[in-house]
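One structure is given below, encoded as structure tokens.
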Amino acid sequence: MAFALFYVVAIIILALHFTGWLARNNLEWLVLLLAVAVFPAVLYL
């Protein structure tokens, strides 16, 4: 269940990033946080 929730949050963050909403509200660090959260899984696979 947490895995599915992570995917939903990641999709929302990416959608807000590509629409420019994160940049307008100084929340671009959420994209970096998402990348750090995914990085261990990439190394594991």
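The values are calculated or read from the model by the stated rules, or taken from the named source; none is laboratory data. For clarity, every value in this text was computed on a predicted model and none was experimentally measured. With ideal geometry, Cβ positions are generated from the backbone for all residues, glycine too; neighbour counts draw on all protein chains shown. Areas reflect the complete protein model, heavy atoms only, side chains present, ligands, DNA and RNA absent. Shrake-Rupley method; radii C 1.70, N 1.55, O 1.52, S 1.80 Å.
For residue 5, put the label point 7 Å out on the Cα→Cβ axis and report which residues of the stretch 25-45 keep their amide N under 17 Å from it. Label zone hits: 34, 37-38. To the nearest 10 degrees, how steep is helix 2-19 against the longest Cα principal axis of the chain, on a 0 to 90 scale? So the helix axis and the longest Cα principal axis differ by about 30 degrees.
Dividing the summed -39500 (n - 2.57) terms of all DSSP H runs of n ≥ 4 by the residue count of the chain sets its mean residue ellipticity at 222 nm at -26500 deg cm²/dmol. With all protein chains in place and a 1.4 Å probe, the accessible surface of the chain carries 80 percent carbon and sulfur. To the nearest ten degrees, helix 29-44 and the longest principal axis of the Cα atoms of the chain are 20 degrees apart. For the chain, the convex hull spanned by the alpha carbon atoms encloses 69 Å³ per residue.
Among 33-42, 9-18, how do they line up from the highest to the lowest mean number of other beta-carbon atoms within 10 Å?
9-18, 33-42
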